[in-house]
Amino acid sequence: MTEASLPNARPPFEWPTEGVSRVAFETYVNPDLYALEQKALFKGPIWNCVGFDIEVPNVGDFLTAWVGDTPIVLVRSGPDAFSAFFNRCAHRGSTLCFEKTGNRKRFTCVYHNWSYDLEGNLKTVAFQKGVNGQGGLPPDFKHSEHNLHKLRVATLHGLIFVTASDQTPPLDDYLGEKMCAHLARTFSRKIKILGKYSQYMHNNWKLYMENVKDSYHASLLHLFFTTFKLNRLSMQGGLILGGDGGHHISFSKMSTDVSTPTEYDKEKLRAQSDAFTLHDPSLLKSWPEFEDGITHAIQGLFPNLIVQQIQNSLAIRILVPRGPNACELFWTLFGYEDDTEQEGAMRIAQSNLIGPAGLVSMEDGVIGNFVQRAINPNTDGQAVLEMGGHTVEDQVSRVSEASVRGFWQMYRKTLDL
Amino acid sequence: MSTLAKIDPDISALIGAYADCIDNEHYDKLPDFFTDDCRYRITTYEAYRAKMPIGILECSTKGMLVDRLNSMRDANIFEPQRYRHLLSTSLATRAADGTLTVRTGFAIIRIVQSGESGLFLSGNYHDTVVAHAGELRFRERLVVLDSSRVDTLLVIPI
């Protein structure tokens, strides 16, 4: 048993005295801290998004997911009810569901055929009364004491969240008004899933979440934006923070009329060779689909959910830690049920911008590893987060690390660091 | 029910030469393997089976393929790497109009500068091959990856 798995365990290093404008490199590599995160953060008072309700449309439909790195099952246990539990038989700990998705009337463990109803209650035990009066369970065995380990479930605008803690506040309160309003806006219409894939990254999960919350890097690391005039740090936009700073929305507005020069064109802020133009700019074609005029919005919800609108490319990304030095990002791309054929085609074309092969975002798949390989094992030292100041406040400028500091503020509060 | 067509040595040569072109880092030559009205896509077996419209990458025109190669050369940032393709025997069916539909299995080893060299991706090429000015070209190359998980990033075409 590691020290961190003990109650009230402390991480083996102190947080830097400067507060959230410094992060010790140790934070991204320490195995005891990783163990503490699994216990006190992912299974602590936070909500973990595990997918969409439409992924389990019928009673008995289930999907497997993770709370931190702990395998869980989410099942539609009634027409409007969901249940979730650790994907682990209460008998000897075997994996209950080894498929990604499926449908069950009951969950029966393959090892010894113990079976559970859709709410995770133990219903039957094979050979409970033994054979020919021999063997079997003792008469005082109580089924109700051997149910699956259940999680609380909450849904919001079609997103399903689970929590392992009784202390977690209601989902609305956890997310706060501003974050809920943005979710209501993004999921105001019925969605349909257009694509799914995952991206395995060789870095600590927090490095990816920092990257998501770091609007400062976008024009500097992702040169496709700059090269093709999509870089918009000079455009109208900003950062909105929520919760204890752990939630954020980074948004901007661009001219989406492709028939006229963009604002960026007019400003002549082009850092690229003029010879470099797209042979087929159809992947940049977009239409304004939100009344607020926001064309780019990245919403990061603590600890590991990202809701993405990059023009008309819409997705959620759920980040699953895979040990201190790796993580896996699960992308679900979506559109709306009432999309026209042309709108659907534009979403497909714009999907080239995102994901592991994303012309814009592919660098995010490796930048965390560029950090990880440099700080592990050379952990002495700290990351510096002073762009936009030292505080955790809404910002007009996106040349800011305020939402990264916000992430650390909520992280420290959650883990009492 | 379609029947297997005898594989023309020229088709094997086309598929082999394409892999050879990538493995030897002659990326600027890659568009030459395609017709002008080509389509090049990468998806996953899971998405392909579920008929999901979005896969990993979608070049619906040759221009988009050229743009992707330009972006790889001039815009995208990634660790220097190259591929080694391993190809299976190709299976082909011939349509009434002479168009060949060819399926070829592949595995790709990715080699990075640290010396690390390991299986990156595997899958099938689903090709539509036509004769163009006396030479065979891909009119469509659909790459169906076996796994839905991509390690780190995918920048060099498959």
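The values are calculated or read from the model by the stated rules, or taken from the named source; none is laboratory data. Worth saying up front: this structure is predicted, and the values here are computed from it rather than measured. Cβ coordinates were reconstructed from backbone atoms using ideal geometry, including for glycine residues, and neighbour counts include every protein chain displayed.
When the residues of the stretch A:155-186 are filtered to those that are β-branched (Val, Ile, Thr) and buried (at least 16 other Cβ atoms within 10 Å of the Cβ), the one that is nearest to residue A:292 (Cα to Cα) is A:186. Filtering the stretch B:70-80 to residues that are surrounded by fewer than 19 Cβ atoms within 10 Å (Cβ to Cβ) and either in contact (Cβ under 8 Å) with a residue 24 or more places away in the chain or small (Gly, Ala, Ser) (or both) leaves B:72, B:73, B:78, B:79, B:80. Tell me which residues, restricted to the stretch A:7-61, are at positive phi and within 23 Å of the chain's Cα centre (by Cα). Scanning the stretch A:7-61 gives a single hit, A:51. Restricting attention to the stretch B:93-122, the residues being crowded, with 16+ Cβ neighbours inside 10 Å and on the phi > 0 side of the Ramachandran plot number 0.
How many of the residues in the stretch B:36-46 are surrounded by fewer than 18 Cβ atoms within 10 Å (Cβ to Cβ) and either touching a strand residue (DSSP E or B) at 6+ places or on another chain (Cβ under 8 Å) or among the polar types (S, T, N, Q) (or both)?
Step one: list which residues in the stretch B:36-46 are surrounded by fewer than 18 Cβ atoms within 10 Å (Cβ to Cβ), which gives B:36-37, B:45.
Restricting the remaining residues to those that are either touching a strand residue (DSSP E or B) at 6+ places or on another chain (Cβ under 8 Å) or among the polar types (S, T, N, Q) (or both) gives B:37, B:45.
The qualifying residues number 2.
For the stretch B:47-66, indicate whether the set of residues that are in contact with a helix residue (DSSP H, G or I) (Cβ under 6 Å, 6 or more places away or on another chain), over 27 Å from residue A:344 (Cα atoms) and not small (Gly, Ala, Ser) is non-empty. No: the stretch B:47-66 contains no residue that is in contact with a helix residue (DSSP H, G or I) (Cβ under 6 Å, 6 or more places away or on another chain), over 27 Å from residue A:344 (Cα atoms) and not small (Gly, Ala, Ser). Each residue in the stretch B:142-154 was checked for being in a loop (DSSP other than H, G, I, E, B), under 16 Å from the mean Cα position of the chain (by Cα) and buried (at least 21 other Cβ atoms within 10 Å of the Cβ), and 1 of them qualify.
Among the strands (runs of 3 or more DSSP E) confined wholly to the stretch A:304-355, which include 2 or more residues that are crowded, with 23+ Cβ neighbours inside 10 Å?
A:313-321, A:327-336
Of the listed requirements (1) within 11 Å of chain B (Cβ to nearest Cβ); (2) within 24 Å of residue A:216 (Cα to Cα), residue A:339 misses just one: (2). Using the structure shown, decide if residue A:88 is touching a residue at least 60 places away in the same chain (Cβ under 8 Å) and farther than 30 Å from residue A:298 by Cα. Criteria met by residue A:88.
For the stretch B:26-43, state whether one or more residues are among the aliphatic types (A, V, I, L, M), over 13 Å from the mean Cα position of the chain (by Cα) and closer than 17 Å to residue A:358 by Cα.
The answer is no; no qualifying residue exists.
Condition check ((1) of a type in the set (Val, Ile, Thr); (2) closer than 19 Å to residue B:144 by Cα) across all residues:
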position: B:21; (1), (2): no, no
position: B:24; (1), (2): no, no
position: B:27; (1), (2): no, no
position: B:51; (1), (2): no, yes
position: B:86; (1), (2): no, yes
position: B:89; (1), (2): yes, yes
position: B:95; (1), (2): no, no
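Condition first: outside any loop (DSSP other than H, G, I, E, B) and either within 14 Å of chain B (Cβ to nearest Cβ) or at positive phi (or both). Now tell me which residues in the stretch A:356-404 satisfy that. Selection gives A:364, A:365, A:366, A:367, A:368, A:369, A:370, A:371, A:372, A:373, A:374. Within the stretch B:47-69, being assigned to a helix (DSSP H, G or I), crowded, with 19+ Cβ neighbours inside 10 Å and either facing chain A (nearest Cβ under 8 Å) or free of Cβ contacts under 8 Å to residues at least 12 places away in the same chain (or both) holds for B:47, B:64, B:67, B:68.
Yes/no per residue for (1) under 30 Å from residue B:46 (Cβ atoms); (2) at pLDDT 95 or above; (3) not in a helix (DSSP H, G or I):
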{"position": "A:189", "(1), (2), (3)": "yes, yes, yes"}
{"position": "A:199", "(1), (2), (3)": "yes, yes, yes"}
{"position": "A:215", "(1), (2), (3)": "no, no, yes"}
{"position": "A:219", "(1), (2), (3)": "no, no, no"}
{"position": "A:232", "(1), (2), (3)": "no, no, yes"}
{"position": "A:260", "(1), (2), (3)": "no, no, yes"}
{"position": "A:264", "(1), (2), (3)": "no, no, no"}
{"position": "A:273", "(1), (2), (3)": "no, no, yes"}
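Based on this model, can you work out whether residue A:94 counts as outside any loop (DSSP other than H, G, I, E, B) and among the hydroxyl-bearing types (Ser, Thr, Tyr)? Judged against the criteria, residue A:94 is not a match.
Just to verify a result, which residue in the stretch A:187-205, among those that are away from every other protein chain (no Cβ under 14 Å) and crowded, with 23+ Cβ neighbours inside 10 Å, is nearest to residue A:333 (Cα to Cα)?
First, the residues of the stretch A:187-205 that are away from every other protein chain (no Cβ under 14 Å): A:187-190, A:204-205.
Next, from what is left, pick out any that are crowded, with 23+ Cβ neighbours inside 10 Å: A:204-205.
On the way: A:204: 24, A:205: 21 Å.
Step by step, filter the stretch A:187-205, then rank; the result is A:205.
Return the residues of the stretch B:71-127 that are in a strand (DSSP E or B), within 14 Å of chain A (Cβ to nearest Cβ) and over 16 Å from the mean Cα position of the chain (by Cα); say none if nothing qualifies. Answer for the stretch B:71-127, where residues must be in a strand (DSSP E or B), within 14 Å of chain A (Cβ to nearest Cβ) and over 16 Å from the mean Cα position of the chain (by Cα): B:81, B:112, B:118, B:119. Is it the case that the stretch B:32-46 has a residue that's facing chain A (nearest Cβ under 8 Å) and outside any strand (DSSP E or B)? Yes, because at least one residue in the stretch B:32-46 is facing chain A (nearest Cβ under 8 Å) and outside any strand (DSSP E or B). Whenever a residue of the stretch B:17-44 is free of Cβ contacts under 8 Å to residues at least 60 places away in the same chain, its partners that are among the β-branched types (Val, Ile, Thr), lying with C-beta atoms within less than 8 angstrom and at least six residues away or across chains, give the pairs B:31/B:66.
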